[in-house]
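Structure, as structure tokens:
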Amino acid sequence: MADKSNTMWGGRFAAGPDAIMEAINASIGFDQRMARQDIEGSRAHAAMLAATGIITDSDAEAIREGLLTVLSEIESGTFEFSTALEDIHMNVESRLKDLIGEPAGRLHTARSRNDQVATDFKLWVRDQIDAAIDGIEALMKAFLKQAEEGASWVMPGFTHLQTAQPVTWGHHMMAYVEMLGRDLSRFKDARVRMNESPLGGAALAGTSFPIDRHMTAEALGFDRPTANSLDSTADRDFALEYLSAASICAMHLSRFAEELVIWSSAQFRFVVLSDRFSTGSSIMPQKKNPDAAELIRAKIGRILGATVSLFTVMKGLPLTYSKDMQEDKEQVFDAADSLMLSLAAMEGMVSDLTANIPALEASAGSGFSTATDLADWLVRELNMPFRDAHHVTGTLVALAESKGCDLPDLTLEDMQNVAAGITQGVFDVLGVHNSVNSRQSYGGTAPDQVRARISDWKERLK
């Protein structure tokens, strides 16, 4: 294998690397995941070389057919990857030479492994962005279904994990639709910005051959070629943007996973998770553990870790290519796997989720959750300054607490002893359903507002 490796490097190196150097230098163990993108880029490059007269049509046809054979071998699992050949690019080219002979040596005309790997990696990341977009949209639709079903179910809204005000189940579900909608826009925005082809930037300075970079860019689905050959090979912003968007998305998934862990506990009983996404205990037969949610909650660590890792790799590199950049892929590969698995698992959990409506409603009225409604009523009906209304309401909460009851259980006399102007009408706002129905401001928790937002998002996701 050493002789073959030396041939690929050229005459400059007389001896092959020792085992340690081979181990640290080789990337074929992970970059073989870019095989399809590598062959796609090579086919576009060969077609362009023929179209511009740099190689003959017959050589281009031999290269095209040979590359298809190589791809077939890789996809069928019969291809033998060689660590001595370092990376996916050299492995493909070496096998191509075995298949078609001399024309294989013309494929690398007017390009370098530097622009080749940048192109392959960008194509791979672009595919992952497309997959993430599909996964996010599927999850959003699962949340929309939950929101539509429970648009009028009441539940507690929390601040500091303390009961704050009643909200609707649908409103809570739609909060995650909004979060995921921002994730969706980030991935789409990143895709637009990264969709420029590095192919033709060559090692760093471009090439003296009369190539047509617009042709290869179009063939590979890019909007245009990159405009600076140095930046073409040095740039990994597209991977950093993907990881950044993935980290934010994973954080959102983790937040809902945390809520599922809390809500499914015996202390809350807000939801029942399906058996498909739960496990039991080896010694406690009563246990039903939300393991899928907990694992999703943990995935943010891997994805954010990959983001920090790649930022650290790139931060000190002078232009253009340094071997450090070989460390750009494994973290992205792992992060992409983690994100897609998390999205799929969360979609399944949300789709299968069963809300405990009585428990939600009972909890919605706890903790003096309609106190703000009382304060608002004092402002509207008695023309009381809000700060005074806040003080009166606090006094009534303390009174209810001393009596061991909730605000709706106080008598009118109790209330009038604190504020003489209070009338029987105050009880119309103290129920949790009255509370949520009154929140009619745009984006509020009122069921008709929730249904309007559901309709908006259904239209946007068509």
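The values are calculated or read from the model by the stated rules, or taken from the named source; none is laboratory data. Because the structure is predicted, anything quoted here is derived from the model rather than measured. Don't worry about glycine lacking a Cβ; one is built from the backbone with ideal geometry, like all the others, and counts go over all protein chains shown. The protein model used for the area step is the full one, side chains on, heavy atoms only, and it has no ligands, DNA or RNA in it. Shrake-Rupley method; radii C 1.70, N 1.55, O 1.52, S 1.80 Å.
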Check off (1) over 19 Å from Ile55 (Cβ atoms); (2) more than 26 Å from the chain's Cα centre (by Cα); (3) in a loop (DSSP other than H, G, I, E, B) for Asp231 and give me the number that stays unchecked. (3)
Could you tell me whether the range 126-135 includes any residue that is touching a residue at least 24 places away in the same chain (Cβ under 8 Å), farther than 30 Å from Ile296 by Cβ and open to solvent by 10 Å² or more (accessible area, probe 1.4 Å)? no
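Specify the residue that is farthest from Glu381 (Cα to Cα); the eligible residues are those in the range 401-458 that are among the hydroxyl-bearing types (Ser, Thr, Tyr) and assigned to a helix (DSSP H, G or I). Even if it seems obvious, please write down each step before you answer.
Initially, the range 401-458 is screened for residues among the hydroxyl-bearing types (Ser, Thr, Tyr), giving 402, 411, 423, 435, 438, 441-442, 445, 455.
Checking which are assigned to a helix (DSSP H, G or I) leaves us with 402, 435, 438, 455.
On the way: Ser402: 26, Ser435: 16, Ser438: 15, Ser455: 34 Å.
Result: Ser455.
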Test result for Gly367, surrounded by 16 or more Cβ atoms within 10 Å (Cβ to Cβ) and not in a helix (DSSP H, G or I): yes
Considering the range 1-59, residues that are among the small types (Gly, Ala, Ser), modelled with pLDDT of 95 or more and open to solvent by 30 Å² or more (accessible area, probe 1.4 Å), and then whichever is farthest from Glu102 (Cα to Cα), we arrive at Ala51
Can you say whether Leu410 is surrounded by fewer than 20 Cβ atoms within 10 Å (Cβ to Cβ), touching a helix residue (DSSP H, G or I) at 6+ places or on another chain (Cβ under 7 Å) and free of Cβ contacts under 8 Å to residues at least 60 places away in the same chain, as far as the supplied structure shows? no
Name the helices (runs of 4 or more DSSP H) wholly within the range 25-118 that hold at least 1 residues that are free of Cβ contacts under 8 Å to residues at least 24 places away in the same chain? 35-51, 57-76, 88-100
Taking the range 155-174 as the region of interest, how many residues are without any contact (Cβ under 8 Å) to a residue 60 or more places away in the chain and touching a strand residue (DSSP E or B) at 6+ places or on another chain (Cβ under 8 Å)? 2
Take the range 335-371 and flag every residue that is closer than 23 Å to Gly404 by Cα and touching a helix residue (DSSP H, G or I) at 6+ places or on another chain (Cβ under 8 Å). Leu360, Glu361, Ala364, Gly365, Phe368, Ser369, Thr370, Ala371
